[in-house]
1. Suppose every K and R has +1 on its Cβ and every D and E has -1 on its Cβ; what is the size of the dipole of segment 6-426 about the Cα centre, in Debye to the nearest 20?
2. Quick one: Karplus J couplings for segment 449-463, per residue in order, coefficients 6.51, -1.76, 1.60, θ = phi - 60°, nearest Hz, x for Gly and Pro?
3. Quick one: Karplus J couplings for segment 480-497, per residue in order, coefficients 6.51, -1.76, 1.60, θ = phi - 60°, nearest Hz, x for Gly and Pro?
4. With unit charges on the beta carbon (Lys/Arg positive, Asp/Glu negative), name the residue among Ser392, Val374, Leu203 whose Cα is farthest towards the positive pole of the charge dipole of the chain.
5. Rounded, prolate or oblate: which fits the chain, taking a ≥ b ≥ c as square roots of the Cα gyration tensor eigenvalues, rounded meaning a/c under 1.5, else prolate when a/b beats b/c?
6. Could you size up the charge dipole of the chain around its Cα centre, putting +1 on the beta carbon of Lys and Arg and -1 on that of Asp and Glu, and report it in debye to the nearest 20?
7. Taking Cα pairs under 8 Å and at least six residues apart, what relative contact order does the chain come out at, in percent?
8. Between the alpha-carbon centers of segment 64-87 and segment 258-319, tell me the distance in whole angstrom.
Amino acid sequence: MRYEPIAIVGLGLRFPGAESPRQLWNLLSEEIDATAEIPSSRWELSTLHDPSPDRPGKIRNRRAGLLEGVENADPLAFRLPKRELRQMDPQHRVLFESAWYALEDAGIPFDALRGSRTGVFVGLNFNDFQRMLARDWTALDGYALLGTTPSFAANRISYAFDLRGPSTCTSVGCASSTSAIHEACRSLTLGEVDLALAGGVDLMLSPESSIMLSQAGVLSARGQCRTLDAEADGYIRGEGAGVVVLKPLSRVDASDRVYAVIRGSAVNHNGRNEWIMASSVSAQAEVIRHACERGGVEAASLDYVELHGSSFLKGDAAEAVAIGEVLGKARPFPCRLGAVSNNLGYMGAAAGIAQFIKVSLSLYHRAFLPTIHVETPNPQIAFEELGLSIQSKQEPWPERGTGEPRRAGVVSTSLGGSNAFVVLEAAPEARLPQASSTRSSGHLLVFSALSPEALRAQALQLRDFLAGPVTQETRLEDVCFTAAFKRQHHRHRAAVIAGGREGLVKLLGECARSAGPLLLAEEGQPPGQIEAGKAYVEGGTPSWEALFAADGRCVSLPGYPFQRQRLWPEWLSAGEVCRAPTDSRPEVATAPPPQANEAREIREAPAGQREARLVAFLRVQVAEVLEADPAGLDTRGRTFFELGMNSIGVTSLKERISRGLGLELSSTVFFEHPRVELLAKWLSGRWEARTEPGPREERPGDTPSQEDRELAERIAGLSEDQTRELIARKLAEFSIEVE
């Protein structure tokens, strides 16, 4: 099925440090790290944080990219009782606000969508709020059912705006929101819907998900996302929500503003891989290739790819190798790479929508954005050989010179093995309207809100907007056109009329302070506009004639000023949220950690026996991690991963061996020496190197060969069958067969 090009006409978001496309662009342009220490109002780190990676029930870092006020909501906007809102997952509330912002940004009045074939496609993952409410069964009422069921994240939006298309929720881990975009594009291409809202959300409400991620070894000890950097050691979490409004490019009219165009998308899975959380270069390459083919786009035409940004050396390298493999090495210029997670934190189910919005803005502004926290490039990525480079500064996005539009890609992966890729390109050149020579000298600006307080806040927002830099987005004719014909009109209304920008700014300031009539006009304004303003304030429809709006176009105005108030179950204090569910759970008998005397016996054993004792020691540790009987565990000729290990098991095994032998080990050791016998040989050699004085003669097998190093680099990205074949070939010298 060939894609119809899909136009991105609206962006709505709540990200750390940014609640509008303009704020996000400024944050990224200024190279701001929006993460900070987790505040005590969210979690009590004194009881939760421990830098030791193996401490159960703890998280290893103190930072995250967080939203402010997730416990707050505007009941008038939701048109729901406060009791119901208190029991609603803040993820659903933040996503609803983002959908509202996106429709406003797209210039689509809500009333125009009622009963329409508009679909809602969202991605989410964790369900922290439901687990938090479940701490007290008496709090689980009917509102909790409506407020915490994951599908209601999409259904709530469809219900509120009376949208009659599909309303679906996708949960494929960190690729959820990108997969939701893919599903929205499919529905548009098939003609199921005329318009689609797509996006995702992820909030850090309860510590449980962070504890699990910390124990899985994916959180950064350093406390930074450093995608593409040599010091990348995992990520720190971020949170937020984003929604985009999509429509077929063929349905775009002259007044629409198009950020970018989706040319193709695809999703797939790694299949039977080395272990479920391991990256697959072949699967990632295939999803990129498929997305380009579906869009009829040459992969080599991509100028930029936004990485998923999980900040692991091997994971980043796998993405880069897949991109380089598909795009080809004979390109006339390198494909640039970047990662928004370095600014906002790794946003889980919302990571893809954050990447997508960043790239859409880059194409719209025709500029590359800088990637922060990259000091030394990842040594596992052969950038020049792969035809890739790191986008380290902001600079104009150059013309290709071939008549082709600027193009970019967004790649998403997940711990569970799902992959997604979206191809975007610059929108067709929009014709800027010419100022009418016959238009009136006056400018009628109308606005509305759900309450008098919100109306005054709206006046302040518009005042500051017009007082800012003059750009194409602040052309007065377009601002007045958008406010009158591209926004929903609420009960409380106001209008200001002035001959120019300064007059509007002044009147908006007066309007924000006024408690009386909300129609303000400079002297000498046309009577027709004054009458039109009066009719609007009294509940009428804006007049095309009074605004001379024939050539107006949609621009981004400040989003609705939600009058949020605290709506949160008060018994869920930060202390309660960080309290372990029970302090009296019966302890499960576990094997004690390796004893110091056991390590001493191994160290003091004759050189000829030390390796055999290390094999026995390692076999016991592997069995304990796998919860298997050491006597019945046959490790001969089998890799750790063939025995059933995954990255979480390797992390646990590493900690046990490190404690037992008093050695600092890296997780990469298990890739470089992937069997018990090989690891024992390496550990024995390392011990000898520590205990023998002075240099010693190098023995055969002490130094890995080039072939060994290449094997180690490749193992993590191979499928199970490929791994078996390569290990069997490599270990033939030991006369060992891998089953």
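Since every read-out is calculated from the coordinates, none of them should be taken as a lab result. Remember, it's a predicted structure, so these values are computed and weren't measured experimentally. When we count neighbours, we look across all protein chains shown, and the Cβ atoms used for this are built from the backbone with ideal geometry, even at glycine.
1. Taking the Cα centre of segment 6-426 as origin, the dipole is about 520 debye.
2. In residue order, the calculated couplings are 7, 8, 8, x, 5, 5, 5, 5, 5, 5, 4, 5, 4, 5, 4 Hz.
3. Values per residue, Gly and Pro as x: 5, 4, 4, 4, 8, 10, 10, 10, 6, 9, 9, 5, 8, 10, 8, 8, 10, 9 Hz.
4. So the residue furthest toward the plus end is Leu203.
5. On the way: a/c = 2.60, a/b = 1.86, b/c = 1.40.
It comes out prolate by the Cα gyration axes.
6. Working: 80 positive and 95 negative charges, 277 e Å.
Using only the charged Cβ atoms, the result is roughly 1340 debye.
7. Once divided by the residue count of the chain, the mean separation gives 16 percent.
8. Measuring centre to centre over Cα atoms gives 36 Å.
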